[in-house]
Structures are given as C-alpha cells and as structure tokens.
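**Student:** One structure follows; several queries about it will come next.
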Amino acid sequence: MTNETYPAAGSTPAAPTRSLVHGPPIITQVPHSPPTVAKPDGAAVRLEWPDGSTVRLPYLWLRDHCPCSECQVIEIGEHRVIIGNQPEDLAANTATIVESDSTTWALDVTWPDHASTFSCTDLQRLVASSQRGQRRVTTWSSDFAPDRFDHDAVITDQATAKNMWEAFAEFGAVVVTGTPTEPGTVEEFISRFMPVREMPFGRVHDVAVNTRAYNVAHTAEALPPHNDFASMSWPASGQALHMLTNETDGGDSIIVDGWRLAEEFRAAQPESFEVLSRVPVGFRMFSDTVETWTRQPLIRCDSEGNVSHFRYSNQLIQPLDPQHPDLDSFYKGYHAICRAVVDPTNQVRFRLEAGHMLLVHGHRVLHGRTAFSSGGARHLQDTYFDFDDVLAPLTRPD
Ligand SMILES: O=C(O)CCC(=O)C(=O)O
Ligand SMILES: [Fe+2]
Ligand SMILES: [Zn+2]
C-alpha cells in the first residue's frame, strides 16, 4: 500500500449534534478495512479510505499512545511514555500503511528516535477508550415510573443486575422488589456490587419516628423532595432506601428528576439559572454528636455544560446574607425552582412496601414522602454509594 503524497489538507468528520448524552460526542471511527493512503496533514497523519472517509491522527497523539512495551506497561494497560519529554513539534519521519491481508492492516510510524506499529485493532481500541463514559441520560416523561427488578434475580443473575444498573444510570431511579426485610440487607445488597459509602451518621441510616430526631425524616411529617447530605460538598451520588416495615396510612414515596427540572429552568430563565449555578448557599444537618455543613450553589454543570448536580433540600438550606448583591435574583430563581419541585405534575408517587428498595442517583433525583399517621410502624434503612462505581463496571472494555 502506498503512503506518499505528504503533505495535503484534510477534513475531520463532523461532530454529531449533542443530545442527552453525557460525555464527548463520537467523532472518530476507525474502519476495519485498510485505508488506501497515509498522508501528512499539518502536525498529523491522515488516513484515507476508498469511500472518502478520513481519520486524522496527530503526531503527539500517536507518539503518546505508541502501543509498544517500552511506551506502555502492557500487562496492566498503564501508560509509560512521557509526552513532555518529546519535542512539541514532533513529526514522524514516515507513516506507512502495511496491509497484512485484505482485512488486516497496521500503521507503521518512524520517529527521529523510535518506531511505532499501530494495528487496526490498536487504533480502534485507542479510539474506543477515548470515547468511554458516554452514556445515555434520559430525563423523565410525565408518565415515568421507575423500572422494577426482583431482588433474587438481581443477586443471582449477572444479566439482570446489569440491566438494573443500566436503567439506574439512564434514569437515575429503579426499585428492587422482594428484598428480605432483615435489617442490614441494604448494606449487604450494595456491598455485592461496590463499596458502601460510609456517611457521618453511619453506614446504615435508620429512618423511623424517633423522639430524638435530628431531621424531619424521623417524624411523621411530610418530607419535601430533597437529596440527602446536601450539607456535604460531595454528597454520595447514590442512595438506596430499603423499606423494612410500612404499616402506616400515607408515607407514600415521591421522586423528582432534578436534572429535568434544572434543564427546563435553564431554558425558561437562563439568567436565574446562571445565578443558581454561581451563588453558593449554606446547607446544614447536625445531631448532638455530628455536624455537617457546606456552602455550595444549587446547580452545578460538568465541563461540557450538562447539569451534573442539582442540590436541593428545603430542610437543610441556610440563609443567604440579606445584603448579598444577588439576593433578589437568587430568590427569583429559587422561588421558581422550588415551585417546580413541589408541583405534583413533576413528582412521581408510589408506595414503597416492605421489601421494596428504591435506588436513586443522589446528584440527580430528589426523594421525599407524604406525611403518615404516626400510629402504625414504619421503618426504612438507607445506605449510600458512589456513581463512579456504577458506571465504571458498566463501561468496562471487553
Ligand atoms: O421516609 C421516607 O420515605 C424517606 C426518608 C428519607 O428521606 C431518607 O431515608 O433519606
Ligand atoms: Fe432523604
Ligand atoms: Zn513505543
């Protein structure tokens, strides 16, 4: 295969428009069939296929990811080459496509002081790993109900467990049914999949009517939708609520897709969205022995502008300084978002019966409950985990 005609101008494939996908958009595909030519293109080599598709591979990128055993610790997939030790204007001396047969090919690159061979599979693997972590995030429609999964099926069948975590990653809420009602089961359940995140009030958090309440959760009052530990700068991004006993009238569960509300809020009131993303406000939860407190904005976006954390707790929020220059605009936005949270049309309601376990994305989904009669017994246990431990195994390369 020929690789002459250095240099020439080229084009990169257009990026698809963004949808509700978190992570970088897919922009590169490396075809399995051999390219016809490798040409220099600025500080890169450009591969061209007979159908006109092209892939541009910058020299620094290629040098950084040379797959040889000098440049990588192959057995553990760790990167060893230090790109800062290369000249910033590094260029290949040659870049040649080597076709082993009609379906397999490699790109041979010679550098001033090194030689690299990238098989088609190496390039596909590198591109795939650069795109890892993209996931579909689907905000809730008005008839949303969390998917239900049977506890025994989840703990005995890997495919069911994977489906459950996939649904959790996409929608931020699922319900597990048929969970044994022995105390501690929630911790055991989460521990089967990932580390439990121990929180300041314990590894397992009991919620029942309690005369020494440190939180409205421990009364029979209605509990407005919230995410737990809004009083911590990095609260657990996953929470499991396991109902052990529910013999009361009322006490129905409420969940709200905070990311949907935040995105609708951004579209309707962009200036207020900016204020709620910028102005930090205090949150506090404490008991006789534990103090948690932080000052944070209600909305945080990731580096690509997607809402990544909607923090909301009517119970725990603290006053803003009345002289704060943004106080009026803060209240305009806070009022609107609060109205959206308590609007029943934005709430999904259902009853958690004994043996039901609700899993929620702690930075996305708010949970709450209606008031109940304090006569009958009601007891649930919470445990916490982190979303990285959900996503990393789901996206593990084969
Ligand atoms: O009582 C409930 O249903 C929910 C209580 C709560 O907010 C929690 O356990 O985090
Ligand atoms: Fe809670
Ligand atoms: Zn190398």
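**Student:** Going by the conditions given, is Pro67 within 15 Å of Ala44 (Cβ to Cβ) and either surrounded by 12 or more Cβ atoms within 10 Å (Cβ to Cβ) or within 15 Å of ligand 3 (Cβ to nearest atom) (or both)?
**Tutor:** In short, no.
**Student:** Taking the residues in region 278-290 that are of a type in the set (D, E, K, R) and without any contact (Cβ under 8 Å) to a residue 60 or more places away in the chain as candidates, determine which candidate is nearest to Tyr334 (Cα to Cα).
**Tutor:** Checked region 278-290; the qualifying residue nearest to Tyr334 (Cα to Cα) is Arg278.
**Student:** Could you please find all residues in region 111-151 being over 30 Å from Thr36 (Cα atoms), touching a residue at least 40 places away in the same chain (Cβ under 8 Å) and either among the polar types (S, T, N, Q) or in a loop (DSSP other than H, G, I, E, B) (or both)?
**Tutor:** Matches in region 111-151: Gly133, Gln134, Val137, Thr138, Thr139, Trp140, Ser142, Phe144, Ala145, Pro146.
**Student:** Evaluate the following for Leu394: is it away from ligand 1 (no atom under 16 Å from the Cβ) and in contact (Cβ under 8 Å) with a residue 12 or more places away in the chain?
**Tutor:** Yes.
**Student:** List, please: which pairs have Cβ atoms under 7 Å, are six or more places apart or on different chains, and start with a residue in region 297-311 that is within 16 Å of Ser272 (Cβ to Cβ) and in the same structural domain as Gly172 (by TED's automatic domain parsing) and end with one that is basic (Lys, Arg) and part of a loop (DSSP other than H, G, I, E, B)?
**Tutor:** Close Cβ pairs (under 7 Å, with a partner that is basic (Lys, Arg) and part of a loop (DSSP other than H, G, I, E, B)) amount to Leu298/Arg311; Phe310/Arg364.
**Student:** In region 316-333, how many are over 14 Å from Gln296 (Cα atoms) and under 27 Å from the mean Cα position of the chain (by Cα)?
**Tutor:** The number of residues fulfilling the criteria is 1.
**Student:** Can you name the residue in region 353-375 that is crowded, with 21+ Cβ neighbours inside 10 Å and outside any strand (DSSP E or B) and, of all such residues, is nearest to ligand 3 (Cβ to nearest atom)?
**Tutor:** Out of the qualifying residues, it is His363.
**Student:** Also, I was wondering about something else. From Pro31, Pro67, which residue is of a type outside the set (Asp, Glu) and modelled with pLDDT under 95?
**Tutor:** The unique qualifying residue is Pro31.
**Student:** Does region 382-397 contain at least one residue that is closer than 17 Å to Val216 by Cβ, buried (at least 17 other Cβ atoms within 10 Å of the Cβ) and in the same structural domain as Ala262 (by TED's automatic domain parsing)?
**Tutor:** yes
**Student:** How about region 165-210: which of its residues are among the hydrophobic types (A, V, I, L, M, F, W, C), more than 24 Å from Leu223 (Cα to Cα) and in contact (Cβ under 8 Å) with a residue 24 or more places away in the chain?
**Tutor:** Answer for region 165-210, where residues must be among the hydrophobic types (A, V, I, L, M, F, W, C), more than 24 Å from Leu223 (Cα to Cα) and in contact (Cβ under 8 Å) with a residue 24 or more places away in the chain: Trp165, Ala169, Phe189, Ile190, Phe193, Met194, Val196.
**Student:** Considering only region 215-232, I want to know if a residue exists there that is in a helix (DSSP H, G or I), crowded, with 16+ Cβ neighbours inside 10 Å and among the aromatic types (Phe, Trp, Tyr).
**Tutor:** No, region 215-232 has no match at all.
**Student:** Considering region 44-94 alone, what residues qualify as being closer than 12 Å to His114 by Cβ and of a type in the set (Val, Ile, Thr)?
**Tutor:** Val81
**Student:** Just the residues that are charged (D, E, K, R) and surrounded by fewer than 21 Cβ atoms within 10 Å (Cβ to Cβ), please, taken from region 40-62.
**Tutor:** If the condition is that a residue be charged (D, E, K, R) and surrounded by fewer than 21 Cβ atoms within 10 Å (Cβ to Cβ), then Glu48, Asp51, Arg56 are the ones that fit.
**Student:** Which one is nearest to Ala161 (Cα to Cα) among residues in region 376-391 that are assigned to a loop (DSSP other than H, G, I, E, B) and either among the polar types (S, T, N, Q) or within 16 Å of ligand 1 (Cβ to nearest atom) (or both)?
**Tutor:** Ala377
The values are calculated or read from the model by the stated rules, or taken from the named source; none is laboratory data. Model, not experiment: these values are computed from the prediction. When we count neighbours, we look across all protein chains shown, and the Cβ atoms used for this are built from the backbone with ideal geometry, even at glycine.
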